[in-house]
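A.B. asks: Let me begin by handing over the structure; questions about it come next.
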Amino acid sequence: MLKLSVKEANALADEIERNGNNADSLRAAINDASNPGNDRTSIPVSSIDDEEYLEEMRSKSSIEYGTDLECMMCHGKFDHLICGTCENCFREWMLSLKPKNRTLKLL
């Protein structure tokens, strides 16, 4: 994790632009950090491993219990589904959506 003050982040953005590169993402993150009430984060502030990510996604998902429930992806029969999918399909689906960015935390 890289920790920067807003002043340091602005200096870094200036340096990036002086070298002819685009610092728009960094400037957006600086804006988000400077305005915490907007409930946006341009760059993730924490990084979690796959299992923690899956647990978080599971907790935000609807879980259906029953007998012979059919997974909408693999069409197998299961006793519970997460968002209409079996555990294996849910895992593949969610991990394919997991952000792969490096993290940046602005102070």
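We did not get these values from a lab; they are worked out from the coordinates using the rules stated. Bear in mind that the values here come from a model prediction, so they are computed numbers and not experimental data. Note that each Cβ is placed from the backbone with ideal geometry, even for glycine, and that neighbours are counted across all protein chains shown.
A.B. asks: With each label point set 7 Å from Cα along the Cα-Cβ vector, what nm distance links M73 and V6?
C.D. replies: Result: 4.1 nm between the two label points.
A.B. asks: Here's something else I'd like to know. HN-Hα J couplings of the range 23-33 from phi, Karplus 6.51/-1.76/1.60, θ = phi - 60°, integer Hz, Gly and Pro as x?
C.D. replies: Taking θ as phi minus 60°, the curve returns 10, 4, 5, 5, 5, 5, 5, 4, 4, 4, 5 Hz for the range 23-33.
A.B. asks: Quick one: 3J(HN,Hα) in Hz for the range 88-98, Karplus 6.51/-1.76/1.60 with θ = phi - 60°, rounded, Gly and Pro as x.
C.D. replies: Coupling constants for the range 88-98: 5, 5, 4, 4, 4, 4, 5, 5, 5, 9, 5 Hz.
A.B. asks: Now for a separate question. Find how much the distance from K98 to S62 grows on full extension, using 0.36 nm per residue of separation minus their present alpha carbon separation; answer in nm with one decimal.
C.D. replies: 11.1 nm
A.B. asks: Using θ = phi - 60° and the Karplus relation 6.51 cos²θ - 1.76 cosθ + 1.60, list the HN-Hα couplings for the range 68-82 in order, rounded to whole Hz, with x at every Gly or Pro.
C.D. replies: Residue by residue, the range 68-82 yields 6, 6, 9, 5, 6, 9, 9, 6, x, 9, 9, 8, 8, 10, 10 Hz.
A.B. asks: Among the lysines, which fall within straight-line cross-link reach of K98, defined as a Cα-Cα distance under 27 Å, with same-chain neighbours fewer than 8 residues apart omitted?
C.D. replies: Within the straight-line cut-off, K98 pairs with K3, K60, K77.
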